[in-house]
1. Output the residue which, of all residues in segment 18-38 that are surrounded by 13 or more Cβ atoms within 10 Å (Cβ to Cβ) and not in a loop (DSSP other than H, G, I, E, B), is modelled with the lowest pLDDT.
2. Report, by residue number, each residue of segment 36-64 that is touching a Ser or Thr at 6+ places or on another chain (Cβ under 9 Å) and closer than 15 Å to L97 by Cα.
3. Pairs, please: C-beta under 9 Å, at least 6 apart or cross-chain, first residue over 13 Å from V11 (Cβ atoms) and free of Cβ contacts under 8 Å to residues at least 24 places away in the same chain and in segment 58-75, second of a type in the set (F, W, Y) and surrounded by 10 or more Cβ atoms within 10 Å (Cβ to Cβ)?
4. Output the residue which, of all residues in segment 83-108 that are within 13 Å of E8 (Cα to Cα) and exposed (fewer than 15 other Cβ atoms within 10 Å of the Cβ), is modelled with the lowest pLDDT.
5. Identify, from the list Y41, Y13, the residue that is under 11 Å from the mean Cα position of the chain (by Cα), at pLDDT 85 or above, assigned to a strand (DSSP E or B) and surrounded by 14 or more Cβ atoms within 10 Å (Cβ to Cβ).
Amino acid sequence: MPNRLPVEVEVEYRGISSASEFVARDTGERVQVPPKLKFEYDTFDGDVEMLSVSGAQFDKVQGAPDYRSLERGDRLVLLGLVILQDRGSERDSYFKLERVDIPQGMKETV
């Protein structure tokens with residue numbers, strides 16, 4: 001049974017990787033991959049890490065601005081769940097975005 005941990009992290013928008021597509025080996029079907037939004041956050045030890053969130057996931061959550069209007073340096077608070085699988089590989093664990101907040105004092109027009 002996976003562990004579900006609530007998280008709240010203040011991030012800074014850094015950019016976007018373009019949407020893409022690939023052909024599935026087993027079916028030959030074209031698979032669309034939505035763009036990935038890239039956010040930077042500070043870790044507890046003062047290091048900086050990147051967090052990628054699918055544009056499709058971002059579009060579906062409460063409070064999320066239109067990601068096409070984000071500018072580099074915009075600050076947001078991402079709230080969600082980290083799902084940690086107790087078995088399997090690290091790839092089976094993931095972040096599920098559930099809400100986006102704009103920190104107090106930041107522009108509301110994002």
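The values are calculated or read from the model by the stated rules, or taken from the named source; none is laboratory data. What you see is a predicted model, and the numbers here were worked out from it, not measured in a lab. Neighbour counts are summed over all protein chains in view; Cβ atoms, including those assigned to glycine, are modelled from backbone coordinates with ideal geometry.
1. Ranking the qualifying residues of segment 18-38, first place goes to V33.
2. Passing the criteria: K36, L37, K38, F39, S52.
3. Listed pairs, sorted by first residue: D59/Y67.
4. P103
5. Unique residue meeting the criteria: Y13.
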